[in-house]
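Notes follow once the structure below has been shown.
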Amino acid sequence: MSELDASPEVIVLGAGPAGLSAALWCASLGLSTLLVEAQREVGGQLRVIPYALENVPGIASIEGVTLAEVLRSQAISQGATLRSGVGARLDAASLRVHLDGVAEPLSPRAVVIATGVRRRRLGVQGEDELLGRGVAFNIGRDPERLKGARVVVIGGGDDAVEHAHLAALHARSVTLLHRGERLSARPALRTAVEAHANVTRRPRMRIEAIEGDSAVTGVRAHGPHGAERIEADVVFVCVGPELVSEGYGVATDAKGYVRVDAQGRTSREGVFAVGDVCSAEAPTIAHAMGSGSAVAKAIRAMD
């Protein structure tokens, strides 16, 4: 299906590891498959992991970007069509998908929601205004750019503590601001960050604003000793993921995870979900890819 002149049998929304796996398996099972990704590049979170992955079954070590490109190539080689940089809206009641720039809605046999998660925001002054000018949600693939910088990491979970550890390898100083008295990160990560002499942990801190004009200059916060300002050149906001599950017309739990059965079926017939968007227990690359194959089998078996 090189042109959008007919509705494919399957439309996969989201091209992270779960969506790429679902598209690969659907296409390999003979289903005409359209993979839609809102970003220009596929891979989702795979593209921002700053270290080689060593826990993907069957692969000793691989960069996230490389894995994303391998999955993309495999899906296309099996016959899937990819449209990236395109927004999509699902009308679950009619099982129609509206694509940006396409006049007529598409009516597939099945839709797979693979939209995953996005970074949760603080919602404070300066966060949006200084995004890309010192504010970031991920350390990215070039941590050496932090050499000599004053870094503030906001959060107390695994992601925040791992960012503090990676930043400390290059930065002049790292200040870890978190709301609770204790870090909630895994013990191994806490041990790693505590070994850095240039990391300062500040508990019971509430962020009020990120300051700066053309670039970040500091963070304004309120803690046990009242209001204060912490100077910074870079601020990493690491306060956890936020599910991209709204607007699809399917049942979710109290936290926003899409409810699915063992085959990935949602509350709406013909709509499936895979990956982090429906996986509170095992949000991993291995599980994401496995759920993609399971859903493809269930779609192939549909009457």
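The values are calculated or read from the model by the stated rules, or taken from the named source; none is laboratory data. All values derive from a computational prediction rather than experimental measurement. Glycine gets a Cβ as well: all are built from the backbone with ideal geometry, and neighbour counts include every protein chain shown. Heavy atoms of the whole protein, side chains included, go into the accessibility calculation; ligands, DNA and RNA do not. Shrake-Rupley method; radii C 1.70, N 1.55, O 1.52, S 1.80 Å.
Looking only at segment 31-46, residues that are in contact (Cβ under 8 Å) with a residue 60 or more places away in the chain and closer than 27 Å to residue 167 by Cβ come to 3 in all. Scanning segment 238-247 for residues that are touching a Lys or Arg at 6+ places or on another chain (Cβ under 7 Å) and assigned to a strand (DSSP E or B), which turns out surrounded by the most Cβ atoms within 10 Å (Cβ to Cβ)? Within segment 238-247, the match that is surrounded by the most Cβ atoms within 10 Å (Cβ to Cβ) is 241. Out of curiosity, is residue 161 under 14 Å from residue 134 (Cβ atoms) and crowded, with 17+ Cβ neighbours inside 10 Å? No. Residue 250: in contact with a helix residue (DSSP H, G or I) (Cβ under 8 Å, 6 or more places away or on another chain) and assigned to a loop (DSSP other than H, G, I, E, B), yes or no? The answer is no for residue 250. When we screen 219, 235 for residues that are assigned to a strand (DSSP E or B), modelled with pLDDT of 95 or more and either over 20 Å from residue 118 (Cβ atoms) or open to solvent by 50 Å² or more (accessible area, probe 1.4 Å) (or both), the only hit is 219.
Please specify each residue of segment 82-91 satisfying the condition of being open to solvent by less than 60 Å² (accessible area, probe 1.4 Å) and either under 20 Å from residue 271 (Cβ atoms) or of a type in the set (A, V, I, L, M) (or both). Step through it out loud before you land on a result.
Of all residues in segment 82-91, those open to solvent by less than 60 Å² (accessible area, probe 1.4 Å) come to 82, 84-88, 90-91.
Once the filter is applied, which keeps residues that are open to solvent by less than 60 Å² (accessible area, probe 1.4 Å) and either under 20 Å from residue 271 (Cβ atoms) or of a type in the set (A, V, I, L, M) (or both), segment 82-91 yields 82, 86, 87, 88, 90, 91.
Restricting segment 106-132 to residues that are on the phi > 0 side of the Ramachandran plot and crowded, with 21+ Cβ neighbours inside 10 Å leaves a set whose member that is modelled with the lowest pLDDT is 116. Considering each residue of segment 169-179 in turn, at least one proves to be open to solvent by less than 30 Å² (accessible area, probe 1.4 Å), in contact (Cβ under 8 Å) with a residue 12 or more places away in the chain and among the hydroxyl-bearing types (Ser, Thr, Tyr). Restricted to segment 92-105, and to residues that are loosely packed, with under 14 Cβ neighbours inside 10 Å and either in a strand (DSSP E or B) or not small (Gly, Ala, Ser) (or both), which residue is farthest from the chain's Cα centre (by Cα)? Only one residue tops the list, namely 104. Exactly one residue out of 75, 60 is surrounded by 19 or more Cβ atoms within 10 Å (Cβ to Cβ) and of a type outside the set (Phe, Trp, Tyr): that is 75.
Note on segment 1-53: among residues that are among the acidic types (Asp, Glu) and open to solvent by 50 Å² or more (accessible area, probe 1.4 Å), the one that is nearest to residue 89 (Cα to Cα) is 9.
Would you confirm whether any residue within segment 254-270 is of a type in the set (A, V, I, L, M, F, W, C), in a helix (DSSP H, G or I) and surrounded by fewer than 18 Cβ atoms within 10 Å (Cβ to Cβ)? The answer is no, given that none of the residues of segment 254-270 is of a type in the set (A, V, I, L, M, F, W, C), in a helix (DSSP H, G or I) and surrounded by fewer than 18 Cβ atoms within 10 Å (Cβ to Cβ).
Of the listed requirements (1) basic (Lys, Arg); (2) under 17 Å from the mean Cα position of the chain (by Cα); (3) in a loop (DSSP other than H, G, I, E, B), residue 118 misses just one: (3). In the condition set (1) over 20 Å from residue 46 (Cα atoms); (2) open to solvent by 20 Å² or more (accessible area, probe 1.4 Å), residue 155 is compliant with all but (2). Restricting the search to strands (runs of 3 or more DSSP E) fully inside segment 148-213 and requiring at least 2 residues that are among the basic types (Lys, Arg) gives 199-202.
A quick yes/no check of all residues on (1) among the charged types (D, E, K, R); (2) in a loop (DSSP other than H, G, I, E, B); (3) at positive phi; (4) within 20 Å of the chain's Cα centre (by Cα):
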| residue | (1), (2), (3), (4) |
| --- | --- |
| 21 | no, no, no, yes |
| 34 | no, no, no, no |
| 40 | yes, yes, no, yes |
| 47 | yes, no, no, yes |
| 56 | no, yes, no, yes |
| 67 | no, no, no, yes |
| 70 | no, no, no, yes |
| 82 | no, no, no, yes |
